[in-house]
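Chemist: For reference, the structure I am asking about is given below.
Computed from the coordinates by the stated procedures, all read-outs in this text should not be read as laboratory data. Here the structure is a predicted model, which means the values were calculated and not measured. No Cβ is skipped: glycine too gets one built from the backbone with ideal geometry, and neighbour counts run over all protein chains shown.
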Amino acid sequence: MYSSGNFFQVLEAEFQHRQVILDLFENIKRDGRHYDVIKILEKQTSAPSFSNFDTAFKAIYKSSNTKELYNFLKEEEEYNPEGYSKIAYLSQKFLTLI
């Protein structure tokens, strides 16, 4: 998600491609265009939270475009209550700015 110069992003891949995601995150942190990069959560899952890999800009002002995000948040609330509060707080801040 993007709002007012800020990004909230979920990076995910199949476990055998985990190193690709870790390397990508390191590249993002080193990129001079990014600052105050914060990793909120790192975990292994049995299935992707977001089914469509899409790097294009997509407006999520329609409820149908937020379905996977809310499913992700619901799963985090159930299985990761410690991290959920941070993730939900940031997600809601971004969604209210849309």
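Chemist: Calculate the spin-label point distance for LEU41 paired with ALA88, positioning each point 7 Å from the Cα along the beta-carbon direction, and give it in nanometres.
Modeler: 1.1
Chemist: Among all the aspartates and glutamates, which ones have a C-alpha under 12 Å from LYS43's C-alpha, if same-chain residues fewer than 8 places away are not counted?
Modeler: GLU12, GLU14, GLU76
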